[in-house]
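Trainee: The structure follows.
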Amino acid sequence: MSRPRFGSLDHPVLVVVGGGGVGKTTLAAALALQSARAGARTLVMTFDPSLRLRDALGISGAAKDQPVPVGIDAPGTLEAVLLDARATFDRIVARYAPDPAAAQRIFGNRFYQELSGTLAGILEYMAMERLFEASTEGRYDRIILDTPPTRQALDFLEAPDRIISFLDTRAVKLAQDPWWLEDRSAPSLGKRIAAKGARSVADRILGRRFLLELVEFIQAFGPLFAGFGARAGEVRALLRAEGTRFLLVAGPGPERIPEAMYFLRKLQEAGHRLGPVVVNRVHPEVEGGDAAGLELLRHLGERDRRGLEEFRSRFPKGGEVLDLPLQPRPPSGLADLESLGETLLGRLRS
């Protein structure tokens with residue numbers, strides 16, 4: 001079997017981005033399969049793929065946070081992992097804590113237990129952190145990341161900057177002041193808060209017990225802040241590195257153009273390197289015939305054709321805009337994924 005050519009996607013890190021419901025996860029899996037066919041040791045990292053796609057890749061819950069091999073006969077290898085924000089966070093805490101006792105203090109904190117998997121920005125940052133871990137292990141020639149299904153699908157791009165900004169806030173620095181822990185009892189804390197002129201805030205808004213627990217949470221993280229900050233900077237550098245490319249996936253039709261152009265602008269403003277833009281699930285153009293349903297198909301085909309023309313007219317000069325046809329059915333096996341990947345790579349420039 002001839003090896004596929006990756007053209008403008010021939011890079012060690014590919015990040016697949018786009019709005020919800022545009023087929024990012026399926027395209028990431030299809031590209032990963034083609035990467036293995038090309039002889040590369042490949043890892044595809046994804047969030048909560050559909051049951052059909054899990055079955056196609058032959059993976060299950062065993063792939064949660066730990067890569068598992070996908071059974072294919074290819075010159076390269078393919079592994080898949082389902083990203084787990086909490087497991088990644090736990091691993092980072094264990095790495096940067098000064099000793100096991102400090103790590104256990106964090107793991108046992110109520111705020112950590114309740115927020116580590118749901119706090120705004122944690123899911124997105126942990127996706128980037130896991131990507132960084134995999135890229136520095138040296139086990140893979142190519143890593144393909146399917147981005148998280150968030151309402152603000154570009155949040156993950158800003159996650160390293162938000163972590164760095166959070167660590168530099170006055171609230172965090174104030175909470176690290178030893179003054180808070182001179183006496184850890186809630187009554188003593190209330191007296192010292194009153195002395196600071198902040199009792200009404202503590203009583204009416206936070207409550208002294210809550211405030212103490214929050215301060216203890218930040219205090220417990222104190223020894224880790226330097227490591228977190230340095231690591232976030234490294235993650236940010238990886239996202240902007242020469243070897244990283246972003247594949248933007250968009251839906252068809254003129255009404256999807258503003259969303260795609262917003263993504264494009266945000267990627268460029270952040271200094272990321274853009275690969276092709278894929279307009280996915282394009283309806284075919286239908287001519288003639290009076291059978292029931294053909295009028296709707298003609299309308300959708302014409303709509304998608306106009307959308308492609310308008311998108312290409314707006315896209316920066318020299319960029320690639322690829323169209324992928326709507327598949328008769330969602331991919332249900334490796335053969336379907338391979339066909340989709342071949343179609344995509346066949347449209348790339350060399």
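Trainee: Hey, can you tell me all the residues within the range 231-253 that are assigned to a loop (DSSP other than H, G, I, E, B), surrounded by fewer than 21 Cβ atoms within 10 Å (Cβ to Cβ) and small (Gly, Ala, Ser)?
Mentor: 241, 243, 253, listed by residue number.
Trainee: Can I ask one more? Scan (1) more than 22 Å from residue 130 (Cβ to Cβ); (2) part of a loop (DSSP other than H, G, I, E, B) for the single condition residue 20 breaks and write down its number.
Mentor: All conditions pass for residue 20, except number (1).
Trainee: Taking the range 38-60 as the region of interest, how many residues are in contact (Cβ under 8 Å) with a residue 40 or more places away in the chain, on the phi < 0 side of the Ramachandran plot and outside any helix (DSSP H, G or I)?
Mentor: Total meeting the criteria: 10.
Trainee: For residue 308, state whether it is surrounded by 12 or more Cβ atoms within 10 Å (Cβ to Cβ), touching an Asp or Glu at 6+ places or on another chain (Cβ under 6 Å) and either at pLDDT below 90 or within 21 Å of residue 27 (Cβ to Cβ) (or both).
Mentor: So residue 308 fits the description; yes.
Trainee: Select from the range 332-350 the residues that are in a helix (DSSP H, G or I) and over 19 Å from residue 21 (Cβ atoms) and list them in ascending order.
Mentor: Of the residues in the range 332-350, the ones in a helix (DSSP H, G or I) are 334-346.
If the condition is that a residue be in a helix (DSSP H, G or I) and over 19 Å from residue 21 (Cβ atoms), then 334, 335, 338, 339, 341, 342, 343, 345, 346 are the ones that fit.
Trainee: Out of 303, 281, 329, 256, I need the residue that is in a helix (DSSP H, G or I) and open to solvent by 60 Å² or more (accessible area, probe 1.4 Å). Which one?
Mentor: Details: 303 fails: open to solvent by 60 Å² or more (accessible area, probe 1.4 Å); 281 fails: in a helix (DSSP H, G or I); 329 fails: in a helix (DSSP H, G or I).
Exactly one residue qualifies, and that residue is 256.
Trainee: I'd like to check which helices (runs of 4 or more DSSP H) are fully inside the range 98-146 and have at least 2 residues that are at pLDDT 85 or above and not charged (D, E, K, R).
Mentor: Details: elements: 100-107, 110-115, 122-137.
In the range 98-146, 100-107, 122-137 are the helices (runs of 4 or more DSSP H) which contain 2 or more residues that are at pLDDT 85 or above and not charged (D, E, K, R).
Trainee: Would you mind finding the one in 35, 8 that is open to solvent by 30 Å² or more (accessible area, probe 1.4 Å), part of a helix (DSSP H, G or I) and modelled with pLDDT of 80 or more? Step through it out loud before you land on a result.
Mentor: Working: 35 fails: open to solvent by 30 Å² or more (accessible area, probe 1.4 Å).
None of the other options fit; the residue is 8.
Trainee: Output the qualifying pairs, or none if there are none: Cβ atoms under 7 angstrom, residues six or more apart or on different chains, first residue in the range 293-307 and closer than 23 Å to residue 322 by Cβ, second residue open to solvent by 70 Å² or more (accessible area, probe 1.4 Å).
Mentor: Hits for this filter: 301/284; 301/285; 302/285; 305/285.
The values are calculated or read from the model by the stated rules, or taken from the named source; none is laboratory data. Every value quoted in this text rests on a predicted model; they were computed, and no experiment measured them. When we count neighbours, we look across all protein chains shown, and the Cβ atoms used for this are built from the backbone with ideal geometry, even at glycine. For the accessible areas, the whole protein counts, side chains as well, though only heavy atoms, and no ligand, DNA or RNA atoms are used. Shrake-Rupley method; radii C 1.70, N 1.55, O 1.52, S 1.80 Å.
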